[in-house]
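Peer 1: Got a structure for you, written out below as structure tokens; questions coming shortly.
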Amino acid sequence: MLRLCNPRVALASWCALTLVTIFGAGSLRAQDQMPDLCERPHIDGVPHIVMILWRGPTTVEQGLQAYLDSRDLTFNVTCLSADRDSSRFAQLVEQAKELEPDLLYTWGTSATLAAVGTYEEDAAVFPVSQTPVLFTMVSYPVQSKIVPNFDGSGRNLTGSSHTVPLESQLKAMLAYRDVTRIGMIFNPREDNSVLNMHEMRALTEEIGIELVAISVPLKERQDESDTEVEADRGDEEVSEGQPDPSTLPELIALMAAQDVQFLYIGPDNFVGTNQETIIGEALSYGIPSFTGTELEILDGDALVGLVTPYYNLGLLNGSLIERILLDGEAPETIPIGTLARFTYIVRMNVALRIGVFPPLDILEFARILEGESE
């Protein structure tokens, strides 16, 4: 049960702050350069890791590289990126199979499910029984049925999850300002996003807060002539059944009409890709955004967030790779990794822009970002 001192008032008191694990440590942006794991020449005789990535290497892989460098560990790495197109995952999994790696690394729920399926299925697309798999950035590994619990997968894989418990996120949001209505945009095609929405609805209903959750409409197939026009204009490829970003301004307008006090940004690749539009449109109505992931506050204009530092998650992933490939531990016996400490971040330039300032108590422990997105 979600217990709050008083859910109807701004919870800036010590009572509220002791309910949330918000004191974070570690580097959120430790390097300016993208990791060069993907560019390093291969060396004969060392283990080969194939990575299936959503948008190329990220800060997670920076942390992974830093761990390997600090331990003087060398692996051959091949990076396969979906370039933000989930329809490419099946092809990338087949490429990974042909490369016969010593370990497969998958980034995100969609990539992981495309490779290993669920534990209820008879067989995964990727030969998990022969090759260990390490997943990362999976928001709900249990609810997605990738693993039965966090204690161990029961098959030849393990991984890490970046998601701050949603209960803690909600408490952190309420600590910032009085909230009676929260808005949320979600992609109905992403399992992790739908699970996140349902969990948020259950938590908000429990304490009498209204959740205005709006599903992004899916595109319809256009005829051949329409598709050619779209291509001539340079717009993104029309894909039936994919969420339509052109609808986002209208969806935010509908949400603004319902007087939400916060727009919640959860673990959603579509929302992350379109965060500039979503957060920017919300700010035009004076609606601040709260995020549970780093991207929208370090690289965007979210006002406040309670986040797991991606760099630290990468360090954790590096240690898991070492345990599997060098120490010979069986992945099925390794618990799913999570970080126990989180970072509360406030972007003060956004607070000044819309006049929604944090309580003084929050300033005592939050990381304050003064300028534009870093």
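Peer 1: Does Glu100 qualify as being closer than 22 Å to Ile334 by Cβ and in the same structural domain as Gly328 (by TED's automatic domain parsing)? Full working, then the answer.
Peer 2: Values: closer than 22 Å to Ile334 by Cβ: no; in the same structural domain as Gly328 (by TED's automatic domain parsing): yes.
Here the answer is no, as Glu100 does not meet what is asked.
Okay, residues lined up against (1) surrounded by 14 or more Cβ atoms within 10 Å (Cβ to Cβ); (2) within 20 Å of Pro47 (Cα to Cα); (3) not hydroxyl-bearing (Ser, Thr, Tyr):
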{"position": "Val77", "(1), (2), (3)": "yes, yes, yes"}
{"position": "Glu100", "(1), (2), (3)": "no, yes, yes"}
{"position": "Val125", "(1), (2), (3)": "yes, no, yes"}
{"position": "Thr136", "(1), (2), (3)": "yes, yes, no"}
{"position": "Gln143", "(1), (2), (3)": "yes, no, yes"}
{"position": "Arg155", "(1), (2), (3)": "yes, no, yes"}
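Peer 1: Give, as residue ranges, the helices (runs of 4 or more DSSP H) completely inside region 255-374 that count at least 3 residues that are farther than 25 Å from Thr204 by Cα.
Peer 2: 275-284, 310-321, 348-354
Peer 1: A follow-up question, please. What number goes with the only condition from (1) outside the structural domain of Glu94 (by TED's automatic domain parsing); (2) at pLDDT 95 or above that Ser225 does not pass?
Peer 2: Of the numbered conditions (1) outside the structural domain of Glu94 (by TED's automatic domain parsing); (2) at pLDDT 95 or above, the odd one out for Ser225 is (2).
Peer 1: On the given criteria, is Phe290 within 29 Å of Ala256 (Cα to Cα), aromatic (Phe, Trp, Tyr) and either in the same structural domain as Pro101 (by TED's automatic domain parsing) or touching a strand residue (DSSP E or B) at 6+ places or on another chain (Cβ under 8 Å) (or both)? First the steps, then the outcome.
Peer 2: Values: within 29 Å of Ala256 (Cα to Cα): yes; aromatic (Phe, Trp, Tyr): yes; either in the same structural domain as Pro101 (by TED's automatic domain parsing) or touching a strand residue (DSSP E or B) at 6+ places or on another chain (Cβ under 8 Å) (or both): yes.
Spelling it out, Phe290 is indeed within 29 Å of Ala256 (Cα to Cα), aromatic (Phe, Trp, Tyr) and either in the same structural domain as Pro101 (by TED's automatic domain parsing) or touching a strand residue (DSSP E or B) at 6+ places or on another chain (Cβ under 8 Å) (or both).
Peer 1: Here is a follow-up. Identify all residues within region 152-169 that are within 14 Å of Leu195 (Cβ to Cβ), touching a residue at least 60 places away in the same chain (Cβ under 8 Å) and part of a loop (DSSP other than H, G, I, E, B); write none if there are none.
Peer 2: The answer is Ser161, Thr163.
The values are calculated or read from the model by the stated rules, or taken from the named source; none is laboratory data. None of these values were measured; they are calculated from a predicted model. Glycine gets a Cβ as well: all are built from the backbone with ideal geometry, and neighbour counts include every protein chain shown.
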